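Note sheet for the following structure.
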Amino acid sequence: GGQGGATTGDTHKFESRYLDGLVGSYPEEEQLYKDRSPIESVDTLSCPILLLQGEEDKVVPPNQAVMMHEALLKKGIPC
């Protein structure tokens, strides 16, 4: 799964349906979530990336920044 699925499953109640209006219902629109997910686009990146993440962020869970950081390092992109 990509980050889209992680977002819909990990976010807090207030934001839990927010992406439905922006992207579509999950899992019905799973491919669209995947297409728009940053973690799925790491192969297209080539420059250093600055990742900022709050440890207590209730909207974007910290594990998503960790996943992105690991993927970038695996590709050899400084972050």
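A short reminder: the numbers here are calculations on the coordinates, not readings from a lab. Worth saying up front: this structure is predicted, and the values here are computed from it rather than measured.
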(request) Averaging sequence separations of C-alpha pairs under 8 Å and six or more residues apart, then dividing by the length of segment 38-79, give the relative contact order as a whole percent. (result) 51
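Rounded, prolate or oblate: pick one for segment 25-79, where a ≥ b ≥ c are the square roots of the eigenvalues of its C-alpha gyration tensor, a/c under 1.5 means rounded, and failing that, prolate if a/b is larger than b/c, else oblate. Write out the running numbers ahead of the final one.
Values: a/c = 2.76, a/b = 1.22, b/c = 2.26.
Because a/c hits 1.5 or more and a/b fails to exceed b/c, segment 25-79 counts as oblate.
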(request) Per residue of segment 52-67, in order, report the coupling 6.51 cos²θ - 1.76 cosθ + 1.60 (Karplus, θ = phi - 60°) as ³J(HN,Hα) in whole Hz, putting x for Gly and Pro. (result) 10, 8, x, 5, 10, 4, 8, 8, 10, x, x, 4, 5, 5, 4, 4
